[in-house]
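Only one structure is covered here, and it is reproduced in the block below.
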Amino acid sequence: MTEQSRIQYKRNKTRYERKKELIAYSFLAPNFIGFAVFTLLPVLFSIFLSFVKWKGGAFNTMQWVGLGNYAEIFKTAKVAEKGLGYLFTKVDLGIALKNTVFYTLVTVPLTLVCAMALAIALNKAVKGAVGFRTVFFFPYVASMVAICVCWRFMMMKDGPINQMIMAMGINYNKSWTADSVMAIWSIILVSVWRNMGYYMVIYLAALQGVPTDLYEAATMDGANKWQQFTHVTLPQLRPTTFFASTMMIISCFKIYDVVAIMTEGGPGRSTKMLVTYIYDEAFSNFNYGIASAIAMVLLVIVLIFTLAQFSMEGKYANN
Amino acid sequence: MKKALALALAVLMLLTAASFAVAEEGQTLTVVAWDAETTPYLAAQKEAFEASHPGVTIEYVDVASQDYAVKASTMLSGGDTSDVFMVKEITDLLNWQEAGYEEPLNSYIESSSYDLSGFAGIESNYAVDGEQYALPFRSDFWVLYYNKDLFDAAGVDYPTNDMTWEQYAELAKKMTSDGVYGTHYHTWLSAVVNWDVCDGQNTLIDGDYSDLAYFYQLYQDLEDAGACMSYDELKSAGLHYSAAFENGNIAMMPMGYWFVSTLIGAINDGTCNFNWGIVSVPHKEDVAAGSSFGNLTGAMINAKSENKDLAWEYISWLAGEEGSLATASTGTRPAWVSETVAEAMASAEGFPTDDASKAALVPVYVGIEMPASEHSSEISTALNEEHTLIMTRENTIEEGIEAMNERVAEILG
């Protein structure tokens, strides 16, 4: 290829690329328009709603209350008088916040540990590994409602799980979902069980990418299996762990379905979560302003986590 | 080939156009209701109304019962133009009124000189500041259902219309044997403690719940004696009260009057087969026998409807004597009860023929389950949350009631 034809080729390619870019944008446009209309506008509307009192219906029935909704959900006057303890024991928002944070802090590490253990176990050429992978992935594709109803039955009084516990000599016979302490654990258990299959697949893919020569080198240096795990596997999986934990923290804060089906937020308020609280305010009490204010609290929390994780990305996401 | 296809399409278009033209000749009234497919009285009302109003078709928009408040509210806030919405809870009516979804009815009532006296005052629960927003066509109050076969088999006398709660509890324990439960409480707060409002003094929004202790204690004693299924079990199994009673191993069950038509239906289609009857719910010593509590079901006109006059014609017919007769013919209790209507209710096919059941049809007093107020739904949420704690024994009755008092005081401000 002569110099001239090379330049010509490059120019042609650029023009071709530009055309390609346009085509690409035209394909992206529907998605962007869709995003603007169905995501961006509702989010902006929701921000606006958090500053008004509105029971739905005609727009002229909205009343501007400024930060009134926020004062209402945080019960600022009472909390100022009685202290922060009051917020987390008596106020709906504080209780929902406490429950959601507890749920997230337990569910995320537990799911990751289970998923990683499964992935490592099934990464080897064990007999029937493919079958096991399918079995563990199955909960993720099964219907959520069906799963939750089955678990509720298993964890009921005199149900199979309690029978096992009793057989181990522990005297516990009450439905998990009817026990203020165990109810949240029943939700954690179902969430972990359901999601670990999905993250197992992600870990499996990551494990395939770990170069085998690293293990060979480690073996030659006399590293045992555990040392290989902590010094080779774990660091190599760090970007995946980072990605998985980011996704999970965000989805955990938005937990709704499992709670709605298994405990309806009860008993009492022991499993009330931020989103079930939003739902109650919006669709049982029709306080759209209050519901939007709670949604903003949720948004801020998720945003903080996302930003923190973005800022740490450089450190943890790459090797 | 192409020609044939074009021709076929043209014919199809013409046919569609023609069918539209036919539909336009008569008038269609869209009515948003719950469980329209399976609720017998809705079918009876539609049939009777269409028969007396030739050319008008009632078209139900069917919504699942448990989703009704959410779905109907979403439809209304989205500007839906369905003509009539059924009103399930008084709190919904209040929320919708506040949002301006409801057509005010006073001018219609005046111009058609509609007589409200048949409602004996209960229609006022649908009025806000003197303006009527809906008309009740059904008023369910709670009665005590019992399985006659179980009582016959045990050789025990049937429950009566003037039992006290103590007598009832004794009877329930007496009827309890292997595989048979003396009574059954559904998981709702209303099924366990709403009896408190039967005295005409207490309400569930007054902020003082100390009187509920009596009924919680009564329940816990029965649960401990094994005379009813435990709350815990019912909740985790998600057992519906109709399935429980239709199972045939429950001697008594306090439940709303709506269950009459369900039960008649279940016996007709062979789901269950036993003799049953109703009596008035038991009463406290100091409350008149035959007192109960209940709820109203009504219909309102959507402010966005384009057929408001026809919609008024429909809801006024529905709530009046003719509509009430249609409603009563399926074993459902209309809000408008004249003598003719009471007679029709008792003669509904499948309704028990004994005198006690007939006498139970006309309660002495019916308190409102949850009166409408600005805070009704918030109070209801708080009470229900505390209710679950008492029922699961996570809280003692005293702790639970203290929490109810405290939380409602906070809501009332």
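Any idea which residue in the range A:138-158 is surrounded by the most Cβ atoms within 10 Å (Cβ to Cβ), counting only those that are in a helix (DSSP H, G or I) and more than 12 Å from chain B (Cβ to nearest Cβ)?
Among residues in the range A:138-158 that are in a helix (DSSP H, G or I) and more than 12 Å from chain B (Cβ to nearest Cβ), the one surrounded by the most Cβ atoms within 10 Å (Cβ to Cβ) is A:ILE147.
Please find, within the range B:204-240, the residue that is nearest to A:CYS150 (Cα to Cα) out of those that are within 14 Å of chain A (Cβ to nearest Cβ) and of a type in the set (Ser, Thr, Tyr).
Among residues in the range B:204-240 that are within 14 Å of chain A (Cβ to nearest Cβ) and of a type in the set (Ser, Thr, Tyr), the one nearest to A:CYS150 (Cα to Cα) is B:SER236.
If I ask for residues that are more than 18 Å from A:ALA295 (Cβ to Cβ) and in a helix (DSSP H, G or I), which ones from the range A:71-86 would you list?
A:THR76, A:ALA77, A:LYS78, A:VAL79, A:ALA80, A:GLU81, A:LYS82, A:LEU84, A:GLY85, A:TYR86
For B:PRO371, work out the one condition from (1) touching a Leu at 6+ places or on another chain (Cβ under 8 Å); (2) over 16 Å from A:SER284 (Cβ atoms); (3) buried (at least 20 other Cβ atoms within 10 Å of the Cβ) it doesn't fulfil.
(3)
Of the residues A:VAL135, A:VAL192, A:VAL201, which is exposed (fewer than 15 other Cβ atoms within 10 Å of the Cβ) and either more than 14 Å from every other protein chain (Cβ to nearest Cβ) or within 30 Å of A:ILE250 (Cα to Cα) (or both)?
Values: A:VAL192 fails: exposed (fewer than 15 other Cβ atoms within 10 Å of the Cβ); A:VAL201 fails: exposed (fewer than 15 other Cβ atoms within 10 Å of the Cβ).
Exactly one of A:VAL135, A:VAL192, A:VAL201 is exposed (fewer than 15 other Cβ atoms within 10 Å of the Cβ) and either more than 14 Å from every other protein chain (Cβ to nearest Cβ) or within 30 Å of A:ILE250 (Cα to Cα) (or both), namely A:VAL135.
Give me the residue from the range A:46-67 that is within 14 Å of another protein chain (Cβ to nearest Cβ) and within 31 Å of the chain's Cα centre (by Cα) and, out of that set, modelled with the lowest pLDDT.
Applying the filter and picking the extreme gives A:GLY56.
Only one of (1) of a type in the set (Val, Ile, Thr); (2) surrounded by 14 or more Cβ atoms within 10 Å (Cβ to Cβ); (3) within 14 Å of chain B (Cβ to nearest Cβ); (4) within 20 Å of A:THR271 (Cα to Cα) fails for A:ILE161. Which number is that?
With respect to (1) of a type in the set (Val, Ile, Thr); (2) surrounded by 14 or more Cβ atoms within 10 Å (Cβ to Cβ); (3) within 14 Å of chain B (Cβ to nearest Cβ); (4) within 20 Å of A:THR271 (Cα to Cα), A:ILE161 is out only on (4).
Report those helices (runs of 4 or more DSSP H) wholly inside the range B:159-244 carrying at least 2 residues which are polar (S, T, N, Q) and in contact with a helix residue (DSSP H, G or I) (Cβ under 8 Å, 6 or more places away or on another chain).
In the range B:159-244, the matching helices (runs of 4 or more DSSP H) lie at B:212-224.
For the range B:388-411, does any single residue satisfy the condition of being among the hydrophobic types (A, V, I, L, M, F, W, C), crowded, with 20+ Cβ neighbours inside 10 Å and closer than 30 Å to B:VAL61 by Cα?
So far as the range B:388-411 goes, no, none of its residues is among the hydrophobic types (A, V, I, L, M, F, W, C), crowded, with 20+ Cβ neighbours inside 10 Å and closer than 30 Å to B:VAL61 by Cα.
If we keep just the residues of the range B:67-93 that are of a type in the set (D, E, K, R) and surrounded by 21 or more Cβ atoms within 10 Å (Cβ to Cβ), which is farthest from the other protein chains (Cβ to nearest Cβ)?
Checked the range B:67-93; the qualifying residue farthest from the other protein chains (Cβ to nearest Cβ) is B:ASP83.
Are any of the residues in the range B:319-333 among the aliphatic types (A, V, I, L, M) and touching a strand residue (DSSP E or B) at 6+ places or on another chain (Cβ under 8 Å)?
Yes: one or more hits.
What is the number of the single condition among (1) under 27 Å from B:LEU144 (Cβ atoms); (2) without any contact (Cβ under 8 Å) to a residue 24 or more places away in the chain that B:GLU385 does not meet?
(1)
Taking B:SER107, is it in a helix (DSSP H, G or I) and within 13 Å of chain A (Cβ to nearest Cβ)?
When the stated conditions are applied, B:SER107 does not pass them.
Looking only at the range B:127-149, count how many residues are within 18 Å of B:ILE264 (Cα to Cα), crowded, with 21+ Cβ neighbours inside 10 Å and not polar (S, T, N, Q). Spell out the reasoning first.
Within the range B:127-149, the first condition is being within 18 Å of B:ILE264 (Cα to Cα), and the residues that meet it are B:138, B:140-149.
Next, from what is left, pick out any that are crowded, with 21+ Cβ neighbours inside 10 Å: B:138, B:140-147.
If we keep only those that are not polar (S, T, N, Q) as well, we get B:138, B:140-146.
Final tally of qualifying residues: 8.
Being free of Cβ contacts under 8 Å to residues at least 24 places away in the same chain and under 25 Å from the mean Cα position of the chain (by Cα) is the filter here, so list the residues in the range B:168-192 that pass it. Break it down into steps so the answer makes sense when it comes.
To start, the set of residues in the range B:168-192 that are free of Cβ contacts under 8 Å to residues at least 24 places away in the same chain comprises B:170, B:174, B:177-178, B:188.
Scanning the range B:168-192 gives a single hit, B:TRP188.
How many residues are among the aliphatic types (A, V, I, L, M) and within 8 Å of another protein chain (Cβ to nearest Cβ) when one looks only at the range A:164-181?
1
Just need a number here: residues in the range B:110-129 that are in a helix (DSSP H, G or I) and either out of contact with any Ser or Thr (no Cβ under 8 Å at 6 or more places or on another chain) or of a type in the set (Asp, Glu) (or both).
Residues in the range B:110-129 being in a helix (DSSP H, G or I) and either out of contact with any Ser or Thr (no Cβ under 8 Å at 6 or more places or on another chain) or of a type in the set (Asp, Glu) (or both): 8 in total.
Which one of A:MET273, A:MET247 is of a type outside the set (Gly, Ala, Ser) and under 30 Å from A:GLY56 (Cα atoms)?
Details: A:MET247 fails: under 30 Å from A:GLY56 (Cα atoms).
Checking each option against the conditions leaves just A:MET273.
Among the residues that make up the range B:46-55, is at least one of them assigned to a strand (DSSP E or B) and buried (at least 18 other Cβ atoms within 10 Å of the Cβ)?
Step one: filter the range B:46-55 for residues assigned to a strand (DSSP E or B), giving none.
No, that holds for no residue.
Which members of the range A:241-270 meet the condition of being part of a loop (DSSP other than H, G, I, E, B), within 13 Å of chain B (Cβ to nearest Cβ) and surrounded by 20 or more Cβ atoms within 10 Å (Cβ to Cβ)?
Passing the criteria: A:THR263, A:GLY265, A:GLY266, A:PRO267, A:GLY268, A:ARG269, A:SER270.
Might you let me know whether the range A:271-286 holds any residue that is away from every other protein chain (no Cβ under 14 Å) and over 18 Å from the mean Cα position of the chain (by Cα)?
No, the range A:271-286 contains no residue that is away from every other protein chain (no Cβ under 14 Å) and over 18 Å from the mean Cα position of the chain (by Cα).
Got at least one residue in the range A:237-247 being of a type in the set (A, V, I, L, M) and closer than 30 Å to A:VAL149 by Cβ?
To start, the set of residues in the range A:237-247 that are of a type in the set (A, V, I, L, M) comprises A:237, A:244, A:247.
Cutting the leftovers down to closer than 30 Å to A:VAL149 by Cβ gives us A:244, A:247.
Checking the range A:237-247: at least one residue is of a type in the set (A, V, I, L, M) and closer than 30 Å to A:VAL149 by Cβ.
The values are calculated or read from the model by the stated rules, or taken from the named source; none is laboratory data. Keep in mind it's a predicted model, so treat the numbers as computed, not measured. Note that we place each Cβ from the backbone using ideal geometry, even for glycine, and neighbour counts take in every protein chain shown.
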